[in-house]
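First up is the structure itself, then whatever we jot down about it.
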Amino acid sequence: MAQHSFTLTGNIGADPTYHGVNGRNGVARFRLCANRRRPGEKDGTWIDYDTLWIEVQCWGRLAEHARRCLRKGMSVLVVGTVVLETWTDAETDGNRSRIVLRASHIGPDLNRYLTTSVAPGGEVVAEPLTGGWVTSGCLPGQEPDARGRSGAPAVPDDSHPGEGEVPVGVGAGGGGEADPPF
């Protein structure tokens, strides 16, 4: 049977819960709100529709990283497999089920955040871009505040470069090579 990966982009509804299992592997769970948006009629606001709330589960090292890094309200991308969980309810002796997204990858939505990358050993592997940057509490020795920020300055809420600015690339070709990447 094929297992197809699904990718959802959305906002985390509450801080993840984390439970250790067998003293080794843990599971982190959170609810993700994914919806579509369109511009409003006249006032420039956005209208959300086709809202989907789904439980996201992640296991092992991903669960530990999610526990440390993710906070309520963060915009994230989640890749995983959709799974139907079934069980018998002890109170009613009836069959129950729910659909969950079992995550294999989770990351911040770079349309909304600038971030820095830190390897599990604490080594910074990608420096923040120019200006302010936001992390979610993943840096060693930093505890996030209630909004999930680690004390780093907030990024201005503009998604397009200003006049005279050039966007900085992420990934291939974004780091000072003399020749174009392709």
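Every number here is computed from the coordinates shown, using simple stated rules; none is lab data. The shown structure was predicted, so the numbers you read here are calculated from the model rather than taken from an experiment.
Structure values in brief
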item: Contour minus Cα-Cα distance for residue 7 and residue 42 (0.36 nm per residue); result: 9.4 nm
item: Chain lengthening between residue 21 and residue 87 when straightened (0.36 nm per residue, less Cα-Cα); result: 21.9 nm
item: Anisotropy class of the range 1-101 from Cα gyration tensor, a/c 1.5 cut; result: prolate
